[in-house]
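Asker: Have a look at this one before I ask anything.
The values are calculated or read from the model by the stated rules, or taken from the named source; none is laboratory data. Quick caveat, the model's predicted, so the values are computed rather than measured. We place every Cβ from the backbone using ideal geometry, glycine too, and count neighbours over all the protein chains shown. Side chains are part of the model used for accessible areas, which takes the heavy atoms of the whole protein and leaves out ligands, DNA and RNA. Shrake-Rupley method; radii C 1.70, N 1.55, O 1.52, S 1.80 Å.
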Amino acid sequence: MNTSQDSGNATNIANFRNLINFCIGFGAGYNPTKDALKIPNLQSQLTTANTLLQQSITNETVYIQATDTRRDLFAPLKPLATKILNAFSVSGVPDSAVAEVKTINRKIQGKRASSGEKSTSTAVEGETPQPKTISSSQQSYEYMVEHFYTLIELIRSHSVYNPNEDALKVSTLQAYLTDLQNANSNVMVANTAWTISRAARNKCLYSPETGLIDTALDVKNYIKAVFGTSSMEYGMVKGLNFKNLK
């Protein structure tokens, strides 16, 4: 969780609340002509900023929990894939099928393809074919789900694969695959919600001219202009710091 940024946002909002309280305390002396600087509008902006900040924090928390759940759920996948390979290799299937499962397992494990597993582009007359090494970077969760699905479909196509161990049965593996797919989907949904809420929060706080920060600076400048640089009123608010995004 980006606690430093959340702290900065919260500090800006807290200082804005203090600024409003000072303006209220100045009574009739605080009487700007600009609507955005009038106290009811400042209070409305404060309420919106608080709401959007809390939404952003809540959505970030949901995203973090979803990523933690996904990480824990995917943790057994690699050792499980190896167990499947071992069980499949002694089930009486052809060697060619075992070789296919080995290839899929290697992808799940994230191991680099051997020199013997390079695909070669189609030869063109007058050109030297360039070997294309199978990518070893397919370790995203999406790819692992795809590889695991392929693995299940392959072993399912061989009826001779029928282990006694429940954890290795096709039905159990299919249920686990569904859990993996759902966990990955939950992360993507949570990330989208967090991204949208963070953008809304930043727009409220940091938009040029209309955002909370620029409004606060305008209020401070108004107080300085009306009461004077050396006034008690300006002395009360000049120490309230408002920081824009870097």
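Asker: Each residue of the stretch 61-72 in order: what ³J(HN,Hα) in whole Hz does its phi give by Karplus 6.51 cos²θ - 1.76 cosθ + 1.60, θ = phi - 60°, with x for Gly and Pro?
Answerer: Along the stretch 61-72, the couplings run 4, 4, 5, 4, 5, 5, 5, 5, 4, 4, 4, 5 Hz.
Asker: Additional query: Heavy-atom accessible area per residue, the stretch 32-77, 1.4 Å probe: how many Å²?
Answerer: Per residue, the stretch 32-77 has 54 Å² of solvent-accessible surface.
Asker: Also: Please state, to two decimals, what the Cα-based radius of gyration of the chain comes to when divided by 2.2 N^0.38 Å (N = residues). Spell out each step's value before the answer.
Answerer: Working: Rg = 30.2 Å, N = 246, 2.2 N^0.38 = 17.8 Å.
Expressed relative to 2.2 N^0.38 Å, the Cα Rg reads 1.70.
Asker: Another question about this same structure. Can you tell me the FRET efficiency between residue 102 and residue 191 if r is taken as the Cβ-Cβ distance and R0 is 30 Å, rounded to the nearest 0.05?
Answerer: 0.30
Asker: Quick one: dipole size for the chain, taken about the Cα centre, charges +1 on Lys/Arg Cβ and -1 on Asp/Glu Cβ, in debye to the nearest 20.
Answerer: Numbers: 24 positive and 20 negative charges, 138 e Å.
Rounded to the nearest 20 debye, it is 660 debye.
Asker: Related question: On the protein heavy atoms, probe 1.4 angstrom, tell me the percent of accessible surface of the chain carried by carbon and sulfur. Walk me through the numbers on the way to the answer.
Answerer: Working: 7270 of 14020 Å².
That share works out to 52 percent.
Asker: Go through the stretch 98-106 residue by residue and turn each phi into a ³J(HN,Hα) via Karplus (6.51, -1.76, 1.60, θ = phi - 60°); whole Hz please, and just put x for glycine and proline.
Answerer: 4, 4, 5, 5, 4, 5, 5, 4, 4
Asker: Same structure again: What is the distance in Å between the Cα centres of the stretch 203-227 and the stretch 12-62?
Answerer: 11
Asker: OK, next. Which one of 72, 95, 214 has the biggest mean-square fluctuation once the chain is modelled by GNM with Cα springs under 10 Å?
Answerer: Greatest mean-square fluctuation among the candidates belongs to 95.
Asker: Taking Cα atoms, how many degrees apart are the long axis of helix 141-156 and the longest axis of the chain, rounded to 10 and kept between 0 and 90?
Answerer: Result, in degrees: 30.
Asker: From Cα pairs below 8 angstrom and at least 6 apart in sequence, can you work out the relative contact order of the stretch 1-100, rounded to a whole percent?
Answerer: In percent, rounded to a whole number, it is 25.
Asker: Taking the Cα centre of the stretch 142-184 as origin and charging only Cβ (+1 Lys, Arg; -1 Asp, Glu), how large is the dipole, in debye to the nearest 20?
Answerer: Here the stretch 142-184 has a charge dipole of around 140 debye.
Asker: A follow-up question, please. Pop out the ³J(HN,Hα) list for the stretch 35-43 in order, Karplus 6.51 cos²θ - 1.76 cosθ + 1.60 with θ = phi - 60°, rounded to Hz; leave Gly and Pro as x.
Answerer: 4, 4, 9, 6, 4, x, 6, 5, 5
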